[in-house]
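These notes concern the structure reproduced below.
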Amino acid sequence: MKLTKADRELIEVAREAIKQRYRNDWQEVGAALRTRTGKIVTGVNLDAYLGRMAVCAEGVAIGRVITDLGEAGIETIVAVRHAKPTEKDRTIAVVSPCGSCRELIWDYDRNARVIVPGEKSVTVTTISDLLPNKYKRGAET
Ligand SMILES: [Zn+2]
């Protein structure tokens with residue numbers, strides 16, 4: 001799917017979020033999502049000294065939605081990664097959600113659109129395309 005103007009705006013909001021809060025090794029990824037009610041909510045990742053306690057930016061953004069707005073759904077979500085000071089390429093690039101975030105996004109809106117890097121340029125897909133055969137406990141539907 002091609003990006004809409006609203007998708008491009010969402011990418012810019014995610015870039016601004018991580019630009020404001022970037023700290024090398026601590027906050028390097030920003031996320032922005034648009035709820036089904038049209039609100040834009042951001043998050044940045046929480047890295048942690050105890051690595052397994054780290055939380056992805058998408059999870060922080062979804063947590064803010066649930067805390068502030070309740071079940072508002074996810075119309076579209078995007079994550080972007082800020083380059084480290086040692087990297088030559090300073091672009092804040094769109095990154096694909098990790099496997100855990102794919103589960104989380106699906107749980108909070110199984111019809112969410114997700115902005116991802118494409119082969120040539122950034123594109124839009126759906127969470128169900130990114131997460132075929134989602135984890136299920138036993139035979140529940
Ligand atoms: Zn993740």
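Values in this text are rule-based calculations from the coordinates and carry no lab data. In this text the structure is predicted, and so the values were computed from the model without any measurement. Glycine also receives a Cβ, built like all others from the backbone with ideal geometry; neighbour counts cover every protein chain displayed.
Side notes on the structure shown:
- Taking label points 7 Å from Cα along the Cα-to-Cβ direction, E103 and A83 give a separation of 3.4 nm.
- Normalised by the number of residues in segment 32-81, the average gap of Cα pairs under 8 Å and 6 or more apart makes the relative contact order 44 percent.
- Cross-link partners for K39 among the aspartates and glutamates, with Cα-Cα distance under 14 Å and sequence neighbours closer than 8 places in the same chain left out: D7, E9, D68, E71, E75.
- Point-charge dipole on Cβ atoms (K/R +1, D/E -1) for segment 29-136, about Cα centre, debye to 20: 120 debye
- Relative contact order of the chain, defined on C-alpha pairs under 8 angstrom at six or more residues apart (%): 21 percent
- 25 Å Cα-Cα reach of K84 towards lysines, excluding residues that sit fewer than 8 places from it in its own chain: K19, K120
- Computed from the alpha carbon atoms alone, the convex hull of the chain holds 126 Å³ per residue.
- Inter-part distance where segment 86-104 and segment 56-75 are each reduced to a Cα centre, Å: 18 Å
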